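Peer 1: Let me give you the structure first, and then I'll get to my questions.
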Amino acid sequence: MANGPAPFSEIGKRAKDLLYKDYNFDHKFSLSIPNSTGLGLIATGLKKDQIFVGDISTLYKSGNTTVDVKVDTYSNISTKVTVNDILHGTKAALSFNIPDHKSGKLDVQYLHPHAAVDSSIGLNPSPLLELSAAIGSKDVCLGAEVGFNTTSASFTKYNAGVAFNKPDFSAALLLADKGQTLKASYINYVDRPDGFTVAAEISHSFSTFENRFTIGSSQSIDSKTVVKTRFSDDGKAALQCQRAWRPNSLITLSAEYDSTKIFGSSTKFGLALALKP
C-alpha cells in the first residue's frame, strides 16, 4: 500500500542498503536478457578465490503470476511461483528445491493501509513457522517478527522494531537476536545536486556489552557514477565506485582496507559486472 507501512523486513533497510549493498570483494558477472513475451533469462557467475560457481535462471511473467526457475553449477534446481492479488492486497509464493524434498515453503503477504503482515510455513512434516507484522503508516511504523521450529518446539527468532520515515531522512530502532542486541540506524538525504547521503548504524550487545558502529556516505560524481564510502569501528574502511557505462548495465568496483590485519594482505578488491541489453 502506497500510504501504508512497509513490511517488518524493511525497517532500517534504507541505511543498511547504503552501508552494505553492492559491496563485493570477489569477481561477479551477471547477464539479464528480457523478452517482450514475458520470458527472461538471467545468467550469473561468481569467482571466489579459486572456486567458480554460477547459475542460470528463467523468469516468466503472465498476468498476476511469475515463475522463477534457477539451476546452479551443482545441478540444484530451485523454483518459485508467485501469484499477486489472489485477494485484494494479498500475494502468495510457493518455493521448493530439487532434489531437497523437504525444502518446500509457502509465503503469504498481506498489505493493508495500516498494516503489513508476512507469514511463512515449511511444507514438510516438521515445518518452520515464521510470522512478521508492522502497523502504522509510511511515516511511522511499529513491527515485530517471530520464528518457531516445530521439531524442537523452540523459537528460532523474536525481534521487534520501530521506524520513522520522512522524504529527507529515516531512523530505525531494532531489538534483534532474541532481544540480545539493540540496533539504531539513521540515514539523511542532504539537499545537494550531487545527491550526497550519509548513514550510520550503531549496535549494542546486552550479553557481551560490546558496542559497534559503522558510518558511510554516497555521492554522485556525475549522472552515471556513484561513489560510496564506509568506515567501521573494527578498523575497516571500504570504497565503492559504481558506473552505468551503458543503459541498464553497471560496473562496480569495491575495495576494503583492514588496518588491524598484520599478516597477509590487508586490502581486498572486487569487481562486479551487470549487463542488460
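Peer 1: Please count how many residues of the range 174-192 are within 18 Å of the chain's Cα centre (by Cα), open to solvent by 30 Å² or more (accessible area, probe 1.4 Å) and free of Cβ contacts under 8 Å to residues at least 40 places away in the same chain.
Peer 2: Adding up the residues that qualify gives 2.
Peer 1: Would a scan of the range 214-222 turn up a residue that is modelled with pLDDT of 95 or more, assigned to a loop (DSSP other than H, G, I, E, B) and either on the phi < 0 side of the Ramachandran plot or surrounded by fewer than 14 Cβ atoms within 10 Å (Cβ to Cβ) (or both)?
Peer 2: no
Peer 1: Could you grab the pairs with beta carbons closer than 7 Å, sequence gap of 6+ or different chains, first residue in the range 196-224 and over 10 Å from residue 181 (Cα atoms), second one among the polar types (S, T, N, Q) and assigned to a loop (DSSP other than H, G, I, E, B)?
Peer 2: Matching pairs, first to second residue: none at all.
Peer 1: Within the range 94-111, can one find any residue that is surrounded by 15 or more Cβ atoms within 10 Å (Cβ to Cβ) and part of a loop (DSSP other than H, G, I, E, B)?
Peer 2: Looking through the range 94-111, at least one residue is surrounded by 15 or more Cβ atoms within 10 Å (Cβ to Cβ) and part of a loop (DSSP other than H, G, I, E, B).
Peer 1: Residue check, residue 235 against (1) closer than 30 Å to residue 130 by Cα; (2) modelled with pLDDT under 95; (3) open to solvent by less than 70 Å² (accessible area, probe 1.4 Å), all met but one. Which one?
Peer 2: Just one mismatch for residue 235, condition (1).
Peer 1: Out of 157, 138, 178, report the one residue that is part of a strand (DSSP E or B) and of a type in the set (Lys, Arg).
Peer 2: 157
Peer 1: Say whether the condition of being open to solvent by 80 Å² or more (accessible area, probe 1.4 Å), under 17 Å from residue 254 (Cβ atoms) and in contact (Cβ under 8 Å) with a residue 60 or more places away in the chain is met by at least one residue in the range 32-49.
Peer 2: no
Peer 1: From 81, 53, which residue is closer than 30 Å to residue 117 by Cβ, within 21 Å of the chain's Cα centre (by Cα) and surrounded by fewer than 16 Cβ atoms within 10 Å (Cβ to Cβ)?
Peer 2: The match here is 81.
The values are calculated or read from the model by the stated rules, or taken from the named source; none is laboratory data. Note that the structure is a prediction, hence the values are computed from the model and not measured. Please note: Cβ atoms are built from the backbone with ideal geometry, for glycine as well, and neighbour counts cover all protein chains shown. In case anyone asks, the SASA skips ligands and DNA or RNA and just uses the protein heavy atoms, side chains included. Shrake-Rupley method; radii C 1.70, N 1.55, O 1.52, S 1.80 Å.
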